[in-house]
1. So Thr10 clears everything in (1) open to solvent by 70 Å² or more (accessible area, probe 1.4 Å); (2) at pLDDT 85 or above; (3) not hydrophobic (A, V, I, L, M, F, W, C) except one condition, right? Which one?
2. I'm trying to understand the selection: among the residues of the stretch 33-54, which are in contact with a strand residue (DSSP E or B) (Cβ under 6 Å, 6 or more places away or on another chain), loosely packed, with under 14 Cβ neighbours inside 10 Å and not charged (D, E, K, R)?
3. Please tell me if Val77 is surrounded by 16 or more Cβ atoms within 10 Å (Cβ to Cβ), modelled with pLDDT under 95 and farther than 15 Å from Val125 by Cα.
4. Go through the stretch 87-135 and give me each residue that's closer than 22 Å to Trp43 by Cα, assigned to a strand (DSSP E or B) and open to solvent by less than 40 Å² (accessible area, probe 1.4 Å).
5. Starting from the stretch 98-114, keep only residues that are in contact (Cβ under 8 Å) with a residue 24 or more places away in the chain, then list their pairs with residues that are open to solvent by 80 Å² or more (accessible area, probe 1.4 Å) and among the charged types (D, E, K, R) whose Cβ atoms are within a distance under 6 Å, requiring at least 6 positions of separation or different chains.
6. Taking the condition touching a residue at least 24 places away in the same chain (Cβ under 8 Å), hydroxyl-bearing (Ser, Thr, Tyr) and over 17 Å from Pro30 (Cβ atoms), does Thr53 pass?
7. Return the residues of the stretch 55-70 that are surrounded by 14 or more Cβ atoms within 10 Å (Cβ to Cβ) and either of a type in the set (Phe, Trp, Tyr) or in a strand (DSSP E or B) (or both); say none if nothing qualifies.
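The values are calculated or read from the model by the stated rules, or taken from the named source; none is laboratory data. Just so it is clear, the model here is predicted, and its values are computed rather than measured. Using ideal geometry, Cβ is built from the backbone for each residue, glycine included, and neighbour counts are taken over all protein chains shown. Side chains included, ligands, DNA and RNA excluded: accessible areas come from the protein's heavy atoms. Shrake-Rupley method; radii C 1.70, N 1.55, O 1.52, S 1.80 Å.
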Amino acid sequence: MTRRHGTLTTALALALPLGGCGVLDRDQEPVPLTITASDWNGWDPDHQSTDETTDVEAIEGRTVRVDDDLEITFTDVDDDEVEIRTSDAMSPVKEGGGIDLTTDEMEFTVERGSALELATPTMDVGTTYELVLTD
C-alpha cells in the first residue's frame, strides 16, 4: 500500500463513523417526556381510574419501566419527535376512543405538540398510556 492510499483510507475511516454511525448524535440533549398511565376496566361502570404520571428524559437507547406492565425503549430521539418501542403490543387510541384488539404494534412516534395515546389491546382490563414531549 502506498503512503497516499494509506492516508486516504485513514481519512475515510475517520470520516465515515461521524456521518453514518450516529457519533454526532451523542451530543443530543435528552428530551423531557411525560407519561401518564391510567388504569381502566370494561365491567365496572363506577371504576375510578388511578392516574400515575412519570417524567423521564428520553435518551436514545435508554429503557424505562413505566409501571409493572410496560417498558419503553427510546429508539430515536430528536427535539421534535421521539421514536419508541414498547415491551408489549399496544394499540394507538383512535379518535373517539376506539382501539385495535388484534394489534401487534410495538413501535410508535411521539411528536411534539400532540399526545400519543396507547392502550393495552384488551376489552376486560388494562391501561392507557399518554406520552407527551414537554419543555
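1. For Thr10, the exception is condition (2).
2. Result: Asn41, His47, Ser49, Thr50, Thr53.
3. For Val77, the condition - surrounded by 16 or more Cβ atoms within 10 Å (Cβ to Cβ), modelled with pLDDT under 95 and farther than 15 Å from Val125 by Cα - is not met.
4. Ser91, Leu118, Ala119, Gly126, Thr127, Thr128, Tyr129, listed by residue number.
5. Short answer, once both residue conditions are applied: Glu107/Arg85; Arg112/Asp80.
6. no
7. Those that are surrounded by 14 or more Cβ atoms within 10 Å (Cβ to Cβ) and either of a type in the set (Phe, Trp, Tyr) or in a strand (DSSP E or B) (or both): Val56, Ala58, Val64.
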